[in-house]
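Undergrad: Have a look at this one.
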Amino acid sequence: MRVTLIHNPGAGRQAGDAAPLRRCLEACGYEARYQSVKEDGWKEALKEPAELVMVAGGDGTVARVARRMVGRGVPIAVLPCGTANNIARSLGVVERSFEELLRGLEGARRVKLDVGTVSAPWGGQRFVEGVGAGLFADLLGRASSEAPHAAKGSVESGLRRLRELAAHCEPMEIAASLDGRDLSGRYLLLEALNLPYVGPNLHLAHESHPGDGELDVVVVREAERDRLLHYLEHWQQNRERLAMLPTLRGKELKMEWTGFALHIDDKLRPKADAKPGKMAGLIEARLDGESVEFLLPA
């Protein structure tokens, strides 16, 4: 089997040196073409013929690979070693050793994961996790401005910072619609999610399933602030039960952009050096039927 291994040696606490990872692959019978995302050429490596692409990294690395594998017909296997691992957690492949995951690939099943598209005044791109305004975008913006690596802290530190922000932030006026239904209002958080988990491991989209063809749009207004704070304070007790925030389902979320910060997956948009044609316009996040396949080990 021709295998391409994309590795982020800087992801989380488990990635590190590539040598142990490559030895583990060899012990499990895999001879893979290795490529680090820290080096030039990883995008070109994905264009080489392969029957399987393995990704050893966190959400950012997995999403970057997935966005480029749409329509290729080549499955992806995740070796999660990031901080949050929202994608791997949504697929049910966390808390298992690399060896266990690799040996389980022989009897693995294929699962489709939708890949969405977002268009905005500064351009368009695909997304895997979600698109949103409010708390998560504010958290990314503050972390990147305060310290270069603050956004890569632990899940616990991210939750602490999010709780502090959620307690005092002002609602944001957003004109929005979901599949033509008006959702305009003042929001602490407005998220179009493609996965159950988002940000620092928050289980917000409790009805989301990989490949179900719909976005889960979580809406948190001032009236839901206390519910959100309660969840952020007690999430370890039962995050699935506690995360019952107002949620709608649909295929296309539209928002009138007035210059507010937006996150697309784990990145803040627009980029600091971006020059949109206009500092206002329409943002459209939608599912158009594009997807990738993941191998879920037995």
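The values are calculated or read from the model by the stated rules, or taken from the named source; none is laboratory data. Computed from a predicted model, the values in this text were never measured in an experiment. Positions of Cβ are backbone-derived with ideal geometry, glycine not excepted, and every protein chain shown enters the neighbour counts.
Undergrad: Please go through region 61-71 and pick out each residue that is at pLDDT 95 or above and not hydrophobic (A, V, I, L, M, F, W, C). Full working, then the answer.
TA: As a first pass, look at region 61-71 and keep what is at pLDDT 95 or above: 61-70.
Across region 61-71, the qualifying residues are 61, 64, 67, 68.
Undergrad: Which residues, counting only those in region 168-202, are farther than 19 Å from residue 258 by Cβ, surrounded by fewer than 21 Cβ atoms within 10 Å (Cβ to Cβ) and under 24 Å from the mean Cα position of the chain (by Cα)?
TA: Result: 179, 201.
Undergrad: Let me ask something additional. Within region 106-129, count every residue that is part of a strand (DSSP E or B) and hydrophobic (A, V, I, L, M, F, W, C).
TA: We begin by selecting, within region 106-129, every residue part of a strand (DSSP E or B); these are 109-114, 116-120, 123-127.
If we keep only those that are hydrophobic (A, V, I, L, M, F, W, C) as well, we get 111, 113, 118, 120, 127.
Of the residues in region 106-129, 5 are part of a strand (DSSP E or B) and hydrophobic (A, V, I, L, M, F, W, C).
Undergrad: Still on this structure, please answer the following. Going by the conditions given, is residue 94 out of contact with any Lys or Arg (no Cβ under 9 Å at 6 or more places or on another chain), among the hydrophobic types (A, V, I, L, M, F, W, C) and either within 20 Å of residue 270 (Cβ to Cβ) or not assigned by TED's automatic domain parsing to the domain that holds residue 205 (or both)?
TA: So residue 94 fits the description; yes.
Undergrad: Determine which single condition residue 293 fails, assuming it passes every other condition in (1) modelled with pLDDT of 90 or more; (2) under 26 Å from residue 162 (Cβ atoms).
TA: With (1) modelled with pLDDT of 90 or more; (2) under 26 Å from residue 162 (Cβ atoms) applied to residue 293, the lone miss is (2).
Undergrad: Among the listed residues 228, 215, which satisfies the condition of being surrounded by 21 or more Cβ atoms within 10 Å (Cβ to Cβ), at pLDDT 85 or above and within 21 Å of residue 66 (Cβ to Cβ)?
TA: 215
Undergrad: Okay, next question. Before we move on, is residue 70 outside the structural domain of residue 185 (by TED's automatic domain parsing), of a type in the set (Val, Ile, Thr) and surrounded by 24 or more Cβ atoms within 10 Å (Cβ to Cβ)?
TA: In short, no.
Undergrad: Residue under question is residue 132, and the condition is that it be crowded, with 19+ Cβ neighbours inside 10 Å, under 17 Å from the mean Cα position of the chain (by Cα), in a strand (DSSP E or B) and not assigned by TED's automatic domain parsing to the domain that holds residue 30; does it hold? Walk me through how you get there before you give the answer.
TA: Working: crowded, with 19+ Cβ neighbours inside 10 Å: yes; under 17 Å from the mean Cα position of the chain (by Cα): yes; in a strand (DSSP E or B): yes; not assigned by TED's automatic domain parsing to the domain that holds residue 30: yes.
Yes, satisfied.
Undergrad: Find all pairs meeting these conditions: Cβ atoms under 8 angstrom apart; at least six residues apart or on different chains; first residue within region 27-42 and over 13 Å from residue 3 (Cα atoms); second residue assigned to a strand (DSSP E or B) and at pLDDT below 90.
TA: Correct list of pairs: empty, since none qualify.
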